[in-house]
Every structure is written in C-alpha cells, then in structure tokens.
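Just so it is clear, none of the values below were taken in a lab; they were calculated from the coordinates. Nothing here was measured: the structure is a model prediction, and the numbers come from that model. Heads up, the Cβs are rebuilt from the backbone with ideal geometry, glycines too, and the neighbour counts pull from every protein chain shown.
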Amino acid sequence: MVFTIYDGLFAGLLLLLAAAFITPLFAAKRTLAGSLNFAFCLAAGVLFALVSIAVLSGGAPAEPFVLKVGALAIPFLIDGFSAVFLGLIALMSTLTAFYCIGYMEMEHYRHYGLADFLRSFPVFIAGMAGIVTVDDLSTGFTIAWQMMTVASFFLIRFDHHDQAITRSANKYLLLMELAWVAIIAAAALIPHAGLGTPLHALAEGLGSADTGLRTLSYGLLLFGFGMKVGMFPLGQLWLPDAHSSAPSPISALLSGVMIKTGVYGIVRTLFWMVPEPAQHLEARHLGLILAGFGVVTLFIGTVQALKQNDAKRLLAYSSIGQMGYVLLAIGTAHWFVLSGNPLLQSLAVLALIGVLYHTTNHALFKGLLFLSTGSVQYATGTKDLDQLGGLLKLMPITALVAAIACVSIAGIPAFSGFASKWAIIASGLLGGKSAGVIVLFGVIALMTSTITLALTVKFYGMIFTSAGVEWSHKGGVREVGLVMLLPMALIAAICLVQGFFPGFFIELFVRVFAHSEGSLVQALFADPATQASLTHSWAGVGLTLGGQPVAFVMPLALLAMLTVAGLFAAWLRRAGGAEQRQAPVWLCGYQTLNSANSYTSSHIFAAFKNFMWWTGGNVPRASKV
Amino acid sequence: MNPTTEYAWLLVGTNLLLFLIVAPLFEGIVRRVAARVQSRQGPPLWQPLYDVLKLLGKENIDATGILPFRLAPLVALASILCVVAILPVAGRATALTPYADTLSVICLLTLGGVAVLVGAFSGKNIFALIGASREMTTMIMVEPILFMILLLGVLKTGSLDLTTVLYGTPAGHYGWAGLVMIVVALFALQAFVGRQPFDIAEAEQEILGGPFIEYSGPNYALFKYYMMIKQMFYAYLLIAVFVPVLHSGLLGVDLIAQMLLTAVVFLLIGLLAATHPRFRIDQALNYFAGLFVLALGAVAGALFG
C-alpha cells in the first residue's frame, strides 16, 4: 500500500477528532488530560509536518484528491503553498499544546473545568488544517471554517465568568459567521459553481462572468478573508477583544496561525482566481486597492498598538499592523505582476517572497510574544503594563526568549523581522517611477517599522525592565516551570534561524511558487532568470537586476560586524582601568515606595499618542504627564 | 587577498579612524561656536576628546544590576561604528559596503537609538524614562525624513546600494524635488544631531540628561562617543548626498574637501544651537510633521513629476 500525502492529512485530522472525544474524559486530571491533548496534537503535528515536508521537498506538482462522504464530494489539494501553512499549523499547534499543559494549571483557571477546552482545542487545529487544504469554497470550506470558528469561539470564552470576555467571544463568532457568509456568497455568485466545485473551476467561472458580478465576488472574498486577517477597519472590530480575552496560548494560536488563514485565502484569491480575461479589466486594480488597505492597516494598527496598556491588546493591535505589511506585499505583488513591466515583475517575486516570509516569521515571533505574556500573567496574575516591570531578574529565561521575539518583530538587523520587512519594503521602493504610489506606501511602511520598534521597547521595558518595585519587594514571583519554558525556547531558536538564514527560506518560497500549479506567478517563479536574480551566500540574500546588485540583506555579515565592533567597544570600556561599583538608583530614600511616582506605560510616548489621537484605539489615561 | 580588496579594507580602517578622531573635533567646533555667540572664550577644540578619555578612567557605577544596562552602551557604539565602516566615504565603497544596503544602514542607525532607549528603560529613574520616551518619539518622526532624503537617490538610480544611492546621481538631476529636500534636510539637521532646539531627549536643564542620567564613567564615555560619531555621520551625510564629490582622483584630496564642507555644516549646527531655545516635545512633533509632509511631497514630485 502506498501511503499518500492525503492519507497523512486524513490520519492527522482523524487523530485530532478522536482527541476531541477522548481527552475530555480525563478532564478532571488536568495534567494528564493536558499531556494527552499534547500527545494527540504531537502525533497529528508530525503527520502534518511529514506531509508538508514531502510536498515541499518533492517539488512535484501535487495531484488533487476528492473525498467522497455520502453524497458530498470534498476536493482537497495540497500544493507547495498549502504545505507552508500546514507546516506552520503543525509546528505552532504542537508547541502550544505542550505549553498548555503548564499554563492551564494557572491559579485563576483552577475553578474552570477543562472539558470544553480539551474538546475545542484539537477541533480548532483540525479546522485550520482543513482551511488550507480543501480546494473549494463551498462544502469543504464550510466544514473547515465552522470547525475553526466554533471551536475557537469556545476557546476564547474559556474564562466565561467574566462578562466582557463572553461579549468579545460572541462578537467574534458573529463577525466570523458574517465573513463566512460573504465568502460563501461570493462562491455561489460565480457561474457554473456548485457544491464542491474546485478552485480552478471557480476561476474559470469567474472568467466567464460579467464585470459587475466579478467585482462583487472579489469584493466579498476580500471582505471575508480581510475580516479574518484583520484588515482595517474590519480587524479592529474583533481582533483586539478576542485576542485579549482568550487564554494566552490560544491567543498565540489565533495570532500566530489562525489569522494567517486569511492571508492564505487572499493570496489564493488574487493569484489563483484571476483568470486571463479579468487580468486586463477590473482585476488589474485589485492589487493596488489591497496595497492601499494594507498600508492603512499597518499604520493604523501599529499606532493603535502603541497606545495600549494591556499587554495582550498591544500585541493584538500589533498583529493587525503586521498583517498590514503582508497585505501591502500581496497587493504590491499582484499589481506588479499584472503591470506587464519586466522590472516590476521581478520585484513582484521579491514581494511575494516577503508575504510568505513575513507570515511565517510573524507566526513564530508573535506566538512567542503571546506565550511570554502568558508566562508573565501566570507568574504575576496581571497583563497590565502599568503594573508590571522589573521581571528580568525574577524571570530571566522568559525575559531572554521575549527579548528574542521583540528584536525579531522590531526588525533589528540580523533578526527575523529584518529580512522579511526588507523584502516587502525594498520591493516597493525599487519600482521607482513605474511603481508610482507604491513607493509612498513603502515610506509609510518604513516609518511604521520605527513605531513597531517603539511599541516593542515599551512592551519589553514595561514588563521586564524599568520600575516594578512592587514585585521585587513583595516577592512570590517566580520563573515558570520547564513545561512552559521549553516550547518558548524552541520557538525562540526557530526565530533565530529564520532571521539568520534568509537564503534558505527565500529559496524555499521560490520553489513553493514555482511548483504550485495554476497561479498567475508560476511561470515567473519557474523562470531560471528569476532564480538567478536572487543570489544567496553564507551572509544573506541579494537581489540583482540588470547585472547590478540593487538590494541585499546580510544578517550574518551584519551580526559579525556588530560583534567585532562590540568587542572593540568592550575593550575601550575597560581600557581606562575604571573601577566598577553597584549602587541603586537614588530615589530620594523611597526605594520601594515610589510606585505613585513612577513613569508607567500610560505616560510613555504621551505626546506622540496625543498627536495621533485621530487614528483611534485610544486608551483613557490614568493621570496627566 | 588582491590589492583592490586590500584597498577596500584599508578604507574601512580609514573611515573608522577618521570618524573616531575627527568627530570629537567637530563637537569641539560646536562648543566653541556656542561659546563665541555667548561672548565666552570656549574650551579647547579637543576638549570633547579629553572628556571622553577622562570618563574612561572614572568609576563605572551600575545602577540596575541587569544586563541590558551594561549592554546598551556597547551596542550603541558598535552600531554607529558599523555604519561608519559601511559608509562609502568620498564616493569609494569600502570592503563592507557590499554587505549592507540603504535599508540595512537605516536599521543600524535605529539600533543605536534603541540601545539608548534600552539603557534608559533598564533603570528606575523617571527622568531617564521621560528622556527615552522623547527620544523614541523624535526617532519615529525623524527617521523617515532621513530615509526620504536618501530615497530620491533610490528613485533616480533604481538601486538601494549605498554607493549608488549616495553618489550615483549628479546633484543637478534632482530637479526641484532635490531643492525641497535640501531645505528639509537643513531644517531637520538639528533634530538629526539632537541639538537645540531639538535636544529634547537630554534637555540637561530640565531632565538632567534624560536617558543618560544613570550612566557614569566608561559607560557614559561610550554613549558620548556614540553621539559625537552619529552627529558627524549626519552632518557628513548631507554633504555626501547634496554636494558632488570632487573626483580629483586622489582619495586624500576628495576627503579633505568633504571634511572641510562637513566642518561648515558643524558651524551651522553650532550657530543654530546657540541661538535657538528648546522646543517642547509636542511643538517639535508638529514641526516634524510639517517636514514629513514636505519631504513626502518632494518624493511624490520626483515620482509623478
């Protein structure tokens, strides 16, 4: 018997569904049930990962597969593009399940039964795996979307004694169903579409539709998937509330993986469902419109994030912002590809690589940031940045992994956000005059990455360094256990790899698009000239156009330079033979009692927050600066 | 190693030495100019270097006992030294220029700012936090302006390679967008170098040096050195972008010409600093927003004009 990739996928899905029935039986024994949940997730994750690796390394065009359940036919297709997302889901869900074993022991959660949680967790993951592997927008899509949505609804409302949390969860459910209706309606509008019509047939149907209908379909699809991905103004409606209500590992999954299914949907729509006749008509402008939404999303989302004092709300808004980068890149790539200009088309390659690169990077570092916040919440019982601080000494390992996540999201040279944002911004800028307004979008994106930096510094500073006198005075705050540290450390390690070796990832993503059948860009990516234009060495990646290296990102070279220069600085610091002494900051004698006199998260960047009041997402200030 | 790579490595060394030695001298010029404006004699031109040397031998007080506090000065100085090593001075790429494009250099410059912030955030001193908050706010507004100044070169040459961006376009080819950008650059100059009226983050008379308040001895010396080199970098950048290289064929001649021009920029910095009172941060934000819009207009003009 030959074991196909679809056998692997279905075995994984069945394992997860079985877990949903079996693990709740052990809910009374929390650690055992958590471990069992992890074991199932691990088994399914390994299967998914094997499928993903088989597809990504094989490079052979994947055959579609139709699953017949009674009268229903559900088409599945795992191509390279699906495989990237499937691998991401496998990785993050397994590590998060491991983290949950420890996290659900939290004091605050003791009086909540785990049965619902354990039932929903595997279904949620199965739903996400379904979304990225089914090949229709009707039957299979509905089943997967509903599994994902309903299960995540129960996970978000886990802490259901708090009314605000159930309200957020209800709102989430409502909006996700609205998104579902929009997508289903879009698919139903397409001529010749029925239950279980595969995507390529839908694309052909769109080709024969008239302009108005097609525009409506694209609009509905972008609305539906845009809702999921957190596009402005849709993301603001649900994302911050849902993310801050859910238990932290669930937030990590929501932000790390679930919203990426929206990216998946939008890329599939724009690059697989724009048939030849539409490319010269209204679909020509889809990319520019999406890029416009992307740039607004990234700017507004990030500025709103800067204003938050709740650690998880801050991260949630920042997820909106980061997804804005991805939307900008998708739009840029689409517009460039259809422009017919060879220069812009080679830049579209870079932009699309940026899409996948930033998506995978964000999955890891944002997941890690939510898990670190979870650990902080576990140890201190709060996620309020105004109250936290000074945890670096008390929770050194959490502080270290959070630092890695922070430098990654901030795009500090050599860490993961650096290379992926480089791909997105550089591709926009290098188009020059022919790229038009995209260049201005690039400027805004670059400015926003400085704001991202500011909010990261605030997030890290307010939790791990700065004041926090109360904690060190009160005592009782301890580093979390190994069960929670281990998955965080693993994610941190992967984050570093993502940052240091862009060559590997860029080559992988080129292969993904080159081998995924039926997309607008397959020929472009399969072109040897494209592959030759992206040169990579030990140090990083360079883009060569017209024989000249025009842009390059060399994380390891920069890291080496910084290290050498840092060693010189360290030598210089010791060269004078100065004496060292430790002395606490002079706080007028009130070393542990100055909490009323501390500079908290509400005060930081106050002038800038006031200046940006018009972007919304304002938080009432506790006191005046 | 063939002679050209040897030459390129020699340029790395030249750059580093040049900035390490001349940056304090330029700082000295600013102090002397300020003194003359205020009818004082002023310190010797090398006084900033003497200050750094003296600080290196003073007691190093660690006010927090955590790693970020000790790491911050190292990262700050290291990042600006990397920028200098990468910078193609007088139109000639160094051995390290091919490893960083314009975006990387901007990120490295930001890293220096971040190091200052991290140092400030690691203590419990409120003045440090206020200063850090202002520093970051300034950085958010000023960084894109710097970037847009370089962007004109990117648009003209279609490349992000630093040598091409800085020297690839003759100054005349920028048109009116270039003129607007020179104005923007001059108006943003004091903010780039953190001088009055934009020394809001340190504001000695108000928040006692802001982010650096808890630093002493060698740690503070590293920060001081970092700031002097950063200041020289920005002053030099204006010359590199807007004034064509002499192209005399001799590195020494080109370099001296550029350094003399940079010294003129420093005279300007000193004069402006001595004659302008400090802005409040909210006033500064409005000012930067105006410059930002102006610069964006110039970029749009270059794009669609």
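Would you mind checking the pairs A:Lys312/B:Lys230; A:Lys393/B:Lys124; A:Lys228/A:Lys312; A:Lys393/B:Lys230; A:Lys307/A:Lys366 and listing those with alpha carbons more than 24 angstrom apart? Pairs exceeding 24 Å: A:Lys312/B:Lys230; A:Lys393/B:Lys230. Of A:Val510, A:Val401, the sequence from fewest to most neighbouring Cβ atoms within 10 angstrom is A:Val510, A:Val401.
The angle between the Cα long axis of helix B:3-37 and the main principal axis of chain B comes to about 60°, on a 0 to 90 degree scale.
Cβ-to-Cβ counts within 10 Å put A:Leu364, B:Leu74, A:Leu496, A:Leu213 in ascending order as A:Leu213, A:Leu496, B:Leu74, A:Leu364, the fewest first. Using a Cα-Cα cut-off of under 29 Å, which lysines could be cross-linked to A:Lys433, ignoring same-chain neighbours fewer than 8 residues away? Here the lysines satisfying the reach criterion relative to A:Lys433 are A:Lys421, B:Lys156.
Here is how the number arises for the protein assembly as shown: DSSP H runs of 4 or more residues each give -39500 (n - 2.57), the sum is divided by the residue count, and the result at 222 nm is -23500 deg cm²/dmol.
Amide H contacts of A:Phe76 (H built 1.01 Å from N, in plane; Pro and chain starts excluded): A:Phe65, A:Val66, A:Leu67, A:Asp135 sit under 5 Å, all sequence-distant by 5 or more or on other chains.
Rg then Dmax, both in Å and based on the Cα atoms of the stretch B:3-304: 18.9, 57. Using +1 at the Cβ of each Lys and Arg and -1 at the Cβ of each Asp and Glu in chain A, identify which of A:Pro75, A:Tyr109, A:Ser416 lies farthest towards the dipole's positive end. The residue sitting most towards the positive pole is A:Tyr109.
At 0.692 mPa s and 37 °C, plugging the Kirkwood radius over alpha-carbon pairs of chain A into Stokes-Einstein gives what diffusion coefficient in µm²/s?
132
For chain B, a simple Cβ point-charge model (Lys and Arg +1, Asp and Glu -1, everything else neutral) yields a dipole of about 480 debye relative to the Cα centre. Taking amide H positions as modeled 1.01 Å from N, with prolines and chain starts lacking one, the residues under 5 Å from A:Leu545 and 5 or more places away or on another chain are A:Val550.
Placing +1 on each Lys and Arg Cβ and -1 on each Asp and Glu Cβ, with no other charges, gives the stretch B:73-190 a dipole about its Cα centre of roughly 140 debye.
Legend: ranking of residues A:Lys383, B:Lys54, A:Lys228, A:Lys458 from fewest to most surrounding C-beta atoms inside 10 Å; resulting order B:Lys54, A:Lys383, A:Lys458, A:Lys228. Its relative contact order, with pairs defined as Cα atoms under 8 Å and 6+ residues apart, puts chain A at 13 percent.
Positive-end ranking of B:Gly57, B:Thr275, B:Tyr99 along the dipole of chain B, with charges on Cβ about the Cα centre, is headed by B:Thr275. Inter-part distance, the stretch A:221-245 to the stretch A:520-592, computed on C-alpha centroids, equals 34 Å. Find which of B:Leu152, B:Phe198, B:Ala177 sits farthest along the positive direction of the dipole of the stretch B:3-304, computed with +1 on the beta-carbon of Lys and Arg, -1 on that of Asp and Glu, about the Cα centre. Result: B:Phe198, furthest along the dipole toward the positive end. Using Cβ point charges alone (K and R +1, D and E -1), the dipole size of the protein assembly as shown about the Cα centre works out to roughly 1780 debye.
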